[in-house]
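Notes for the one structure printed next.
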Amino acid sequence: MLPYGRQSIDERDTEAVLAALRSDWLTTGPVVDDFERALALSVGAGVGAVSVTSGTAALHTAYAAAGVGAGDVVLTTPLTFAATATTALQLGAQVAFADVDAATGNLSLASVADALTSRTRVITAVDYAGVPVDASAFTELAHAHDALFVEDAAHSIGSTFRGVPVGVVADLTTFSFFPTKNLTTAEGGAVISPTPALVDRARAFKAHGIVRDPARYRNVEEGAWYYEVQSLGLNYRLPDVLAALGLSQLARLGEFARRRREIVRRYNEGLADVEEVVLPTDPVGTEPVRHLYPVLVERTRRRAVFDSLRDQGIGVQVNYIPVHHHPLFEDLGYQRGICPVAEDFAAREISLPLFPDLSDADVDHVIDAMRVAVAGRAW
Ligand SMILES: *Cc1c(COP(=O)(O)O)cnc(C)c1O
């Protein structure tokens with residue numbers, strides 16, 4: 001089965017991991033700092049980066065840094081992986097869903113404006129499939145309502161909006177480095193922010209809220225062993241062994257972006273005349289590094305097309321089951337139908353394989369299989 005996404009690991013990557021394994025530091029060492037610095041530099045001047053153990057940990061950490069807690073609402077999209085919402089629940093907040101744009105699957109600014117209340121602490125958009133949202137517009141809207149804007153950029157590292165890289169504008173941006181994403185550390189993630197106070201709070205949360213700087217102690221330093229736990233946190237530290245992989249992968253991000261764009265072009269051309277399928281397009285002003293190639297088919301045909309592709313050895317996916325359709329959210333009282341555009345998109349969507357090591361022959365095989373699938377024949 002051709003997977004829908006997978007890592008690309010080369011000799012440089014394995015050498016980097018081996019070097020970290022042979023060093024004095026498996027975790028809490030210098031490679032973590034090197035990776036965070038390189039990641040921040042790759043995003044843009046003036047941002048800080050905090051590495052964590054997953055994209056889920058990144059969202060949890062971002063919400064904690066934003067001060068999300070009981071009584072607050074996090075307003076987000078249902079067209080995402082559940083963690084975008086569940087990490088807010090973990091902090092005792094409530095989640096509200098706004099609808100998405102029919103063309104991109106990205107959170108609709110107008111829908112968010114309608115759903116905002118005085119309890120909205122954070123607006124979280126997802127750069128669905130790797131297409132960046134207008135982070136400036138969301139940040140302005142959030143700030144006008146005493147809220148912060150979080151960009152879940154699990155799909156979009158390397159993408160730009162009007163020439164500005166993802167991660168520069170939002171109050172907090174989160175990345176995932178899961179193997180299917182645009183770069184990997186096996187498990188891993190990061191929180192990016194242009195605001196030093198938010199970077200500091202994220203850094204505290206991912207390491208038990210521990211302070212080791214005598215200038216910041218509240219109580220009297222008792223000796224060389226002393227440190228203080230000043231805030232509530234967790235252990236979300238990314239180890240050096242995985243940061244080494246991240247550092248090596250980061251150097252390959254340009255190569256990954258080029259290959260992902262080539263594959264997208266090949267799909268666009270090869271599927272252009274297949275009438276039953278709506279292809280993804282890049283909105284004006286965006287330069288996505290696509291994590292997903294999502295196509296839309298008729299709702300009533302989706303199951304048959306999906307099953308036919310799987311039967312033909314194509315590891316397609318659906319991204320996503322709307323978050324509020326999951327039993328966890330049903331039990332909290334969320335009804336179907338509250339976000340009709342997202343729900344329609346989710347009912348029609350199929351993600352085709354997209355990863356850098358996919359060969360042109362593989363892409364052509366997927367295109368041929370799609371023609372067979374929409375014609376309603378099985379092999
Ligand atoms: C992958 C993903 C996450 C979670 O990242 P993990 O590293 O798997 O924890 C969160 N949000 C979105 C949109 C994702 O695609």
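Determine the calculated [θ] at 222 nm for the chain from helices alone, applying -39500 (n - 2.57) to every DSSP H run no shorter than 4 residues and normalising by the residue count; nearest 500 deg cm²/dmol.
Estimated from H runs of four or more residues: -11500 deg cm²/dmol.
Starting from the residue with the highest accessible area, list 318, 366 in decreasing order, probe 1.4 Å.
318, 366
So, taking all protein chains as they sit and a 1.4 Å probe, how much accessible area belongs to residue 310, in Å² rounded to tens?
The accessible area of residue 310 comes to roughly 90 Å².
How many Å³ per residue does the convex hull of the Cα positions in the chain occupy?
That works out to 142 Å³ per residue.
Two decimals is fine: what is log10 I(q)/I(0) at q = 0.11, 0.17, 0.22 Å⁻¹ for the stretch 215-344, from a Debye sum with one equal scatterer on every Cα and no solvent?
Calculated log10 I(q)/I(0) at the listed q: -0.75, -1.15, -1.30.
Three principal axis extents, largest first, for the C-alpha atoms of the stretch 56-139, in Å?
On the principal axes, the stretch 56-139 reaches 34, 27, 20 Å in Cα extent.
For the stretch 183-289, restrict the atom set to alpha-carbon positions and state the Rg and Dmax in Å.
Cα only, the stretch 183-289: 22.4, 74 Å (Rg, Dmax).
Relative contact order, percent, of the chain when contacts are C-alpha pairs under 8 Å separated by at least 6 residues?
For the chain, the relative contact order is 23 percent.
Could you report the chain's accessible area per residue, 1.4 Å probe, as an integer in Å²?
Value for the chain: 44 Å² per residue.
Specify, per residue and in Å³, the volume enclosed by the convex hull of the alpha carbon atoms belonging to the stretch 1-146.
Convex hull volume per residue, Cα atoms: 160 Å³.
Only bridges with both residues in the chain count here: give the DSSP antiparallel percent, nearest 5.
Just about 60 percent of them are antiparallel.
The values are calculated or read from the model by the stated rules, or taken from the named source; none is laboratory data. It should be emphasised that the depicted structure is a prediction, and the values quoted were computed from it without experimental measurement. Remember, those area values only see protein heavy atoms, side chains included, never the ligands or the DNA or RNA. Shrake-Rupley method; radii C 1.70, N 1.55, O 1.52, S 1.80 Å.
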